[in-house]
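Worksheet for the structure shown next.
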Amino acid sequence: MNKHFLSLLLIVPALAFCQPEPQGQKEKEEKKEEYVDPAYAKAAPEVKDGDTVLATNANVEKFLTEVNYSDTDYSSTVVLNYEGGFNSKNPAPKGTVNSDRPKSYSVRWKENMDAGKLMFHLEDKLGWSRDLELFSGTCYVDITNLVPNDTYTYSVVGQQGDTLTKGKFNTTGHLHQIFFRNGCRNGRDLGGWTGLNGKTVKYRRIYRGGRMQSDTVNDEGKVEIKAEGIAAQLDLRGTSDVLGGPAIKGFEFCAPVIETGGPDMLTVEEGAKTKACVQFVINSLKANKPVYFHCSLGRDRTGTMGIILLGLLGVRPGDISKEYEVTYFAPMGYSISSSESSTVFQNTRDKWVFKPTAEFFWTEANKAKAKGKDGSFADGVENYLLGIGISQDDIDWFRNEMLVD
């Protein structure tokens, strides 16, 4: 089992307990004072042994649960009816919305100064684990970036081997969202979707998001990224802002310099660059180095790459369009604007990038059908990738690697 340092936010502790007022006109009204335990004053909601908690942000979860889009008709969207980074009836100030951030929870225990330094251990049933050394007297730790539909076990052990707490909890949800300090936004795992032959796209292998660089990732964030297991960075940006090297020393890195997303990214002229991106992902996974790919905002060039990868894995286009629209739940500037300072268009499935890109791959699917394939969306993506030079062996390897029963 590979172990990575656990990068979790440690803040001054907190928990509020409230006694409700008696109900009914005939009852004597008696107001109890709220008691706040100073040990947990700023902690996230507590998770206890045996609990089941939601890993995905509640706003995103509601959208993914309720919406079922067509695979072929992209003439409408409903995402703007949901509370996210932007709502036409009630726009939120730029940077104030946190729906692109996953839920956080705290594991708590009774303070014990005699236990010395503590070791917090967290692991899941998928074979991932983290360890974090804590100061003497610490009585809680916040955990986030949890994988949905998973089981986690945890323990806190003192310097002399005494166990201060241990337990197990389950997670639910539709999406493995990620957030790295101090502001790497719009991040999520491509895992969890249903693909070819009813198999599931594997978690913790491919991630997408907004830019990963010095102004969005501080030292603490770099530890968090490594703890997640990410070891390769694909920068999809153009000449004005592309990085010259990885944000984290030692990471595999690729930056073919791509100016725009959508069908422009799929032209014959741009084919060599798109091939380089897909090949980089495949080669990184072959080296057991999970990949984070991004443009500036994680929206259009990133969205196009997400369509290619999920499409190749056989995720249905209706689901891919939902995954594409999750970007809407990031703050204004990421979710709806043509730049970080203006709001020219909305990032939805019925316009700009998703619709023409999906239609491009359906055209490729018809070409594949003429060659004897079924003519599925996955066949269309495969036909395109074969045309730009990705080998059938690499396509087959990628599908076998990324899809699990």
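Bear in mind these aren't lab numbers, they're just calculated from the coordinates by the rules spelled out. If you're wondering where the values come from, they're calculated on a predicted model, not measured in any experiment. For neighbour counting, all protein chains shown are included, and Cβ atoms are generated from backbone atoms with ideal geometry for every residue, glycine included.
State whether region 196-350 is rounded, prolate or oblate according to the following rule on the C-alpha gyration tensor (a ≥ b ≥ c being the square roots of its eigenvalues): a/c under 1.5 gives rounded; otherwise a/b larger than b/c gives prolate, and the remaining case gives oblate. Since a/c stays below 1.5, the shape of region 196-350 is classed as rounded. For region 289-338, the relative contact order comes to 33 percent (Cα pairs under 8 Å, sequence separation of at least 6). Normalising the average separation of contacting C-alpha pairs (under 8 angstrom, six or more residues apart) by the number of residues puts the relative contact order of region 125-233 at 20 percent.
Only DSSP H runs of four or more residues enter the estimate; each adds -39500 (n - 2.57), and after division by the residues of the chain the mean residue ellipticity at 222 nm equals -7500 deg cm²/dmol. With a cut-off of 11 Å between beta carbons, the residues surrounding residue 316 carry a summed charge of -2, where Lys and Arg count +1 and Asp and Glu -1. Amide H contacts under 5 Å for residue 125: 151, restricted to partners 5 or more places along the chain or on a different chain, H placed in the peptide plane at 1.01 Å from N. For a 30 Å ceiling on Cα separation, which of these pairs sit above it: 103/289; 103/273; 249/355; 62/168; 62/110? 103/273; 249/355; 62/110, as the Cα separations exceed 30 Å there.
Protection proxy ranking for 106-117, 387-398, using the average of other Cβ atoms within 10 Å per residue and placing the highest first: 106-117, 387-398. Rounded to the nearest Hz, the phi-derived 3J(HN,Hα) couplings of region 287-297 under the Karplus curve 6.51 cos²θ - 1.76 cosθ + 1.60 (θ = phi - 60°) are 8, 6, 10, x, 10, 10, 10, 7, 10, 7, 9, where x marks glycine and proline.
Taking amide hydrogens as placed 1.01 Å from N in the peptide plane, the amide H of residue 164 sits under 5 Å from those of 156, 157, 158, each at least 5 positions away in sequence or on another chain. Straight-line cross-link reach from residue 48 at under 18 Å between alpha-carbon atoms covers these aspartates and glutamates, not counting any fewer than eight positions away in the same chain: 37, 111, 123, 124, 142, 150. All other residues with a Cβ under 11 Å from the Cβ of residue 189 taken together, and with Lys, Arg as +1 and Asp, Glu as -1, what is their net charge? That works out to +3.
With Cα atoms as the point set, the chain shows a radius of gyration and Dmax of 22.8, 80 Å. Distances between placed amide hydrogens fall under 5 Å for residue 42 paired with 14, all partners being 5 or more residues away or on another chain.
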